[in-house]
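What follows is one structure encoded as structure tokens, with my remarks underneath.
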Amino acid sequence: MPMQAFTLPDFYLPYPARLNPHLERSRTHSTEWARQMGMLDAATPTGGLVWDEPALARMDYGLMCAYTHPDCDGPTLDLITDWYVWVFFFDDHFLELFKYSRDMAGAKAHLDRLELFMSDDPPAPENPAEAGLKDLWARTTPAMSRDWRRRFVTSTHNLMVESMWELENIDRGRIANPIEYVQMRRRVGGAPWSANLVEYAVGAEIPDAIAATRPMEVLRDTFSDSVHLRNDLFSYQREVREEGENSNAVLVFEKFFDCPTQEAADLVNDLMTSRLQQFETTALVEVPQLLADHGIAVDQQVGVGAYVKGLQDWQAGGHEWHATSSRYMNQATASDSDSALGLGLSGLGMSAATIRLGLRGRLRERAYQPYKPVGHLPLPDIYQPFPVRVSEHEAQARGGSLEWSRLMGFLDSVPGIQGGSMWDMSRLAGYDFAHCAARIHPDSSARDVRLNADWLTWGTYADDYFPYVFGASRDLLAARLQHERLALFMPVQADQPMPEPLNPVERGLADLWVRTAGPMAAQLRGVFQDAVLDMTESWLWELANQLGNRVPDPIDYVEMRRRTFGSALTQFLSRLSYLEIVPAEIFQHRVLHEMDTAAEDVGCFTNDLFSYQKEVEFDGEMHNIVVVVENFLNVDRVIARDIVARLLESRVRQFEQIAETDLPALLADSQLDEAARAALTKHAEDLKDWMSGILAWHQHTSRYGEKELRRGRVPSLAFSFLPSGIGTSAFGALTF
């Protein structure tokens, strides 16, 4: 046996693993089912077999499913086990047929045909993967709702089709950056799919009314990330050292941080612990509030509880199986040493390692010291290859937007703040949002540049208003009521009246809504309203973290930063001119999703680098990627700054690759007409203007300069924080 590439770390194991009593039945059943489907006779291109019966017995998927679904009955465990036999066979079969040979065309044809077997009228299967999927689909879907089927089709599609991403990276010799890897691993890996099967196993579906909400998404995503990161730790030896794959978190960290394999493995384990603790916080705090807010019926609440418990069981059982299966590197796992104390997974309590890791993680996220005098953060070299272009309408937009801000009341006194207003004319002029608007969309008409400048101004003012008014008073309920009230100033029906605005935030939004949404159909107005509310609701997340003095989990921060940045609003407005030209579903494709999120992260990280001193020293703020990296890696601000600069550059270079290679390939292979292809090409060019324009504005504005920061504070803010303004919310005014 080859030497292990690294010593497996101690694992955070907060839930006990339990074993389903129907294990032997499902072992026997799944072996016979695999034989019937032809999986034990499937040949490799070199003349061997993908699997034989002894190999299947050694991998022991029956044991895995008995551990991960300890409470279901025998027939349910049989079906669940068959699904896992199929998904692992699909992965190994795909590896043998296409990954080793780099047969891109054959891989695509194989995956396209597999899609046909998730329907009520599939064709005759031609290989074991197709036969297995056809059989499983027919046995599973009659018991589940249309909403569940839709979600399950999506997750099954992702784990099959996004295998092309792994194959393309192998073909290019390319290793993903950490952010790309985590979000793509969710699509390529099977954990979201496993979460869907948990619903089947526990006999309770997530109510569709809450399935797409942040708490349920976070539960699914933290579950998925933990499952995938654990798998990457155990499978590094086989995948990287033996099979030559490059989609593994340990390898990604090893290359990005330029560190030894052991150090990379320890970092992956720390991130996995952080994700598990985010899962716990969400399940215990956010989910009960979500159920109450949506008035979920008691029986459905019980079902959600069973689902959460099912995800916990999967985590515990999945670890135990990884620690015993012949498929993985599992010599001297942490559970070996723990079991000697009687405190391991089979015991009554948590292991000493789990207690230590848990306390370390909780202390780390709560130990932040606000208002620390950090001084100016010297800016690193920021990689930005795209030229800055400027609209000819900049001066006109500047004058109009300043006057509009005065009329909306942005310079007026704010109730509860001693000493007057948040902004004055001098401060607003120095912020110069028209400068940004003229660069993020230089080809817009005079009307649209002005409208962009006004959206940027409103978004930044509103983002400042929430912490000034609700952070100082520590009144999260009032903040939520204000967020909910904003919907009244964005009526979906054009003839629906608005109430009288009570403050500048409401007044500004009411005016912008009429000017922007006026000609839209009701359906588009609804999407537009959701996009704005997605942004304002994320400010409540910032407030809650601030009041709890909690530094966010790194992944949670990056993903929520896009929301506080107004990404949903951005995506809507930037597509407004061609919503009738480009099918909406194309934006869910991996290439478009990765291109958009890469650009969003570039804008977010740019702002965080420039705003570091303002947020940390003057605002008591922790929502900054430099702070998150400092906290998670326990490094100083300069090292954290340099890591952020590398992350930013890696996202720009990923964007370049997508825009230059992946997007043209997608368009060439699509059935889109010329108008739609031209619109998507222009979309990529618009994002280049946006990224370069955001950097140019940060280099120009007074908002983060030492002089502005020393002008004085609002006297009443004994407890407050100021989110980062344009970098937090105004991304929503990208284009028209």
* **Contour minus Cα-Cα distance for TYR383 and VAL638 (0.36 nm per residue)** => 90.1 nm
* Two-decimal Rg to Rh for the range 461-516 - Kirkwood Rh, Cα set -> 1.01
* Accessible area per residue, Å², the chain with all protein chains present, probe 1.4 Å -> 37 Å²
* **Under the Karplus curve 6.51 cos²θ - 1.76 cosθ + 1.60, θ = phi - 60°, whole-Hz ³J(HN,Hα) for the range 275-282, x wherever Gly or Pro sits** => 5, 5, 6, 5, 4, 4, 4, 5
* Going by accessible area, probe 1.4 Å, with all protein chains left in place, what is the ranking of MET520, MET272, MET104, largest first? -> MET104, MET520, MET272
* **For ILE296, solvent-accessible area (1.4 Å; no DNA, RNA or ligand), Å²** => 20 Å²
* Please give the contour-minus-distance gain from ALA675 to GLU168: 0.36 nm per residue of separation, less the Cα-Cα distance, rounded to one decimal in nm. => 179.7 nm
* **FRET efficiency estimate (nearest 0.05) - Cβ-Cβ, SER325 to LEU488, R0 45 angstrom** => 0.20
* **Largest-first principal axis extents of the Cα set of the range 189-261 (Å)** => 45, 23, 13
* To do: For SER421, list long-range residues whose amide hydrogen, built 1.01 Å from N in the peptide plane, is under 5 Å from its own amide hydrogen.
  => VAL414
* Structure fact -> The Cα radius of gyration of the range 60-132, divided by 2.2 N^0.38 Å with N its residue count, comes to 1.31
* So how exposed is ARG480, as accessible area in Å² (1.4 Å probe, rounded to 10)? -> 80 Å²
* Asked: Along the three principal axes, how long is the chain when you take its alpha carbons, biggest first, rounded to the nearest angstrom?
  -> 77, 61, 51
* For the range 12-29, 3J(HN,Hα) per residue [Karplus equation, 6.51 cos²θ - 1.76 cosθ + 1.60, θ = phi - 60°, Hz, x = Gly/Pro] -> 7, 10, x, 10, x, 7, 10, 10, 5, x, 9, 4, 5, 4, 6, 4, 5, 4
* May I ask you to rank LYS707, LYS688 by accessible area, largest first, using a 1.4 Å probe over the protein chains only? => LYS707, LYS688
* **Theoretical ellipticity at 222 nm over the chain - DSSP helices of four or more residues, -39500 (n - 2.57) apiece, nearest 500** => -19500 deg cm²/dmol
* Relative contact order (%) - criterion: Cα under 8 Å, at least six apart; region: the chain -> 16 percent
* Asked: How about LYS614: which aspartates and glutamates have a C-alpha closer than 14 Å to its C-alpha, ignoring those fewer than 8 places off in the same chain?
  -> ASP464, GLU706, GLU708
* Of the heavy-atom accessible surface of the chain (probe 1.4 angstrom), what whole percent is carbon and sulfur? -> 54 percent
* Any idea how far the Cα center of the range 483-534 sits from the one of the range 368-406, in Å? -> 27 Å
* Translational D (Stokes-Einstein, µm²/s) of the range 1-116 at 37 °C and 0.692 mPa s when Rh comes from the Kirkwood sum over C-alpha pairs? -> 202 µm²/s
* **At R0 = 22 Å, FRET efficiency that the Cβ-Cβ distance of ASP103 and HIS157 yields, to 0.05** => 0.60
* Asked: Considering amide H positions built from the backbone, and no H for Pro or chain starts, which residues 5 or more places from GLY620, or on another chain, come under 5 Å of its amide H?
  -> TYR371
* To do: Take the Cβ-Cβ distance between ARG35 and LEU284 as r, set R0 to 30 Å, and report the resulting FRET efficiency rounded to the nearest 0.05.
  => 0.10
* To do: Pull up all non-local amide H partners of LEU49: gap of 5 or more, or a different chain, and H-to-H distance under 5 Å with H placed in the peptide plane.
  => THR44
* Asked: Taking Rh as the Kirkwood radius, which is the inverse of the mean 1/r over Cα pairs, what is the Rg/Rh value for the range 454-572?
  -> 0.98
* Asked: Whole-Å semi-axes of the range 1-69's equivalent ellipsoid, largest first, each the root of 5 times a Cα gyration tensor eigenvalue?
  -> 28, 22, 8
* To do: State, to one decimal in nm, how far the label point of THR661 lies from the label point of ARG474, with both points 7 Å from Cα in the Cβ direction.
  => 5.3 nm
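The values are calculated or read from the model by the stated rules, or taken from the named source; none is laboratory data. These figures come from a predicted structure and were not determined experimentally. Here Cβ is always computed from backbone atoms with ideal geometry, including for glycine, and neighbour counts include all displayed protein chains. Side chains are part of the model used for accessible areas, which takes the heavy atoms of the whole protein and leaves out ligands, DNA and RNA. Shrake-Rupley method; radii C 1.70, N 1.55, O 1.52, S 1.80 Å.
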